[in-house]
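Asker: Would you mind keeping the following structure in view while I ask a few things?
Please treat every number below as a calculation from the coordinates, not as lab data. What you see is a predicted model; the values in this text were computed from it and never measured. Here Cβ is always computed from backbone atoms with ideal geometry, including for glycine, and neighbour counts include all displayed protein chains.
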Amino acid sequence: MIPRIHELVQQGSQFIIATHSPIIMAYPHARIYQIQERFEIVKYEETDHYQIMRAFMNNTQKMLDILME
């Protein structure tokens with residue numbers, strides 16, 4: 001999917017993608033909108049999805065223990 005998106009972006013296409021995927025959100029130069037009480041542009045590293053995935057990858061067993069409680 002990402003290779004096709006990249007190919008189309010290089011041809012001038014733009015996309016609006018609703019996702020929870022930290023991989024798709026990491027696309028270079030992506031503008032990430034966080035929708036809460038209002039629309040805000042946020043950095044990739046500021047998204048909940050990035051922070052949760054990072055915490056999970058850095059301490060998998062602890063996160064699994066928390067999830068399984």
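Asker: Counting each DSSP H run of 4 or more residues in the chain as -39500 (n - 2.57), what helix-only mean residue ellipticity at 222 nm follows after dividing by all residues, to the nearest 500 deg cm²/dmol?
Answerer: -13000 deg cm²/dmol
Asker: Explain nothing, just the number: dipole magnitude of the chain about its Cα centre with +1 on each Lys and Arg Cβ and -1 on each Asp and Glu Cβ, in debye rounded to the nearest 20.
Answerer: Here the size comes out at about 220 debye.
Asker: Using R₀ = 22 Å, calculate the FRET efficiency as 1/(1 + (r/R₀)^6) where r is the Cβ-Cβ separation of residue 49 and residue 4; round to 0.05.
Answerer: Between residue 49 and residue 4 the formula returns 0.50.
Asker: How charged is the neighbourhood of residue 51? Take every other residue with its Cβ under 14 Å from the Cβ of residue 51, and add Lys/Arg as +1 and Asp/Glu as -1.
Answerer: Result for the local shell: -1.
Asker: Across 10 Å bins from the origin, how do the percents of Cα pairs in the chain run, short distances first?
Answerer: Calculated over all Cα pairs of the chain, the distribution is 17, 40, 29, 12, 2 percent.
Asker: Also, quick follow-up: Loop-only chymotrypsin sites (Phe, Trp or Tyr not before Pro) in the chain, please: DSSP not H, G, I, E or B, and at most 11 other Cβ atoms within 10 Å.
Answerer: Counting only loop positions with at most 11 other Cβ atoms within 10 Å, the chymotrypsin sites (Phe, Trp or Tyr not before Pro) in the chain are 15.
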